[in-house]
Structure formats: structure tokens, C-alpha cells
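For reference, the structure discussed in these notes is given below.
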Amino acid sequence: YSVLIASNNIPFKEGVKTFLDEILQNYLQTYAVKEVSSGLEAQIILDKGSINLAILEAFLSGKNGLQVLADSCQKLPETKFIVWYSDIDPDSNLANPNSDLVRELSKASSRYGAILVYGFTPKEEFREAIRKCFEESKRN
């Protein structure tokens, strides 16, 4: 089982790896985690076709997470995707689920079958998204 984490947020990546350990160690003896910090790097790894779960930050540099999702989901129907977005400022428009940008993120994620998660650090919602993606990939 192979997971890609595409984010330039180090605390977020560390939190995701903790969740992966909690969830996957119950099912798998080994799994691989690949980390990148740009959308272009994520696309290169995804194009190789060996990723089961891709966790993409929506606002990656070079190529954002939604562009990577759009370019990859049809080529990689077995890969599960989680798109994560956040803003350090809790008063920003990103914290508002009714903002135009959040609606666009939600629409795009839904269109491509990805799970959309909001938050500066991984929380229970994110843990459940990882668990759901893993369970779905076990069924396929």
C-alpha cells in the first residue's frame, strides 16, 4: 500500500503520518509514504501509477491540488484522493463553507470523487477520510 502526501506544511504531514500509522498498522505489515511539497512533484509520482491514496493540499505551488486531481483521477481510477485545504487565519474566507472558493473546491472534489477536508492540522474528520479511503481500496 502506497500513500502520497503532497503538502508544504510540515506539521500537517507529521499529523497525517501519525493517523496513517494508527489506521494502517492494524491492517498492513508495511506501507510506503512518499512526501512532496509541490503539485508538479505530486503529478510525476502519480503518473507512475503506484499510489493507492493521494492526499493533496489544495493550494500547492506550481500546480495546485485540484489540477493534480483533475489530471490524475481518470487515469488512476483505483487511486483514492483526499484534498485538504486550510488557512492560518480563522477569519479568512476559507473558514466560511459558503464562500465562493470553498464551494468551488467542494464542487471540484465531488466531481472527481475526492474527499474534501478543511483544517490547519489533521483532526478526527481527516482520520475518518483516511479510514474511508483505505476501506474502499480494500474492496476494489
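Hey, among 54, 58, which residue is modelled with pLDDT of 95 or more and open to solvent by less than 10 Å² (accessible area, probe 1.4 Å)?
Of the residues listed, the single one that is modelled with pLDDT of 95 or more and open to solvent by less than 10 Å² (accessible area, probe 1.4 Å) is 54.
Residue by residue through the stretch 1-33, note down the ones that are surrounded by 16 or more Cβ atoms within 10 Å (Cβ to Cβ) and either without any contact (Cβ under 8 Å) to a residue 60 or more places away in the chain or within 15 Å of residue 137 (Cα to Cα) (or both).
1, 3, 4, 5, 13, 20, 23, 24, 31, 33
Take the residues in the stretch 11-37 that are of a type in the set (D, E, K, R) and closer than 12 Å to residue 57 by Cβ, then tell me which one is modelled with the highest pLDDT.
Once the filter is applied, the top-ranked residue is 35.
Which residue pairs have Cβ atoms closer than 9 Å, lie 6 or more positions apart in sequence or on different chains, and pair a first residue in the stretch 57-77 that is over 11 Å from residue 6 (Cβ atoms) and in contact (Cβ under 8 Å) with a residue 40 or more places away in the chain with a second residue that is among the polar types (S, T, N, Q) and open to solvent by less than 30 Å² (accessible area, probe 1.4 Å)?
66/109; 73/79
The values are calculated or read from the model by the stated rules, or taken from the named source; none is laboratory data. The shown structure was predicted, so the numbers you read here are calculated from the model rather than taken from an experiment. Positions of Cβ are backbone-derived with ideal geometry, glycine not excepted, and every protein chain shown enters the neighbour counts. For accessibility, only protein heavy atoms count, side chains too; no ligands or nucleic acids. Shrake-Rupley method; radii C 1.70, N 1.55, O 1.52, S 1.80 Å.
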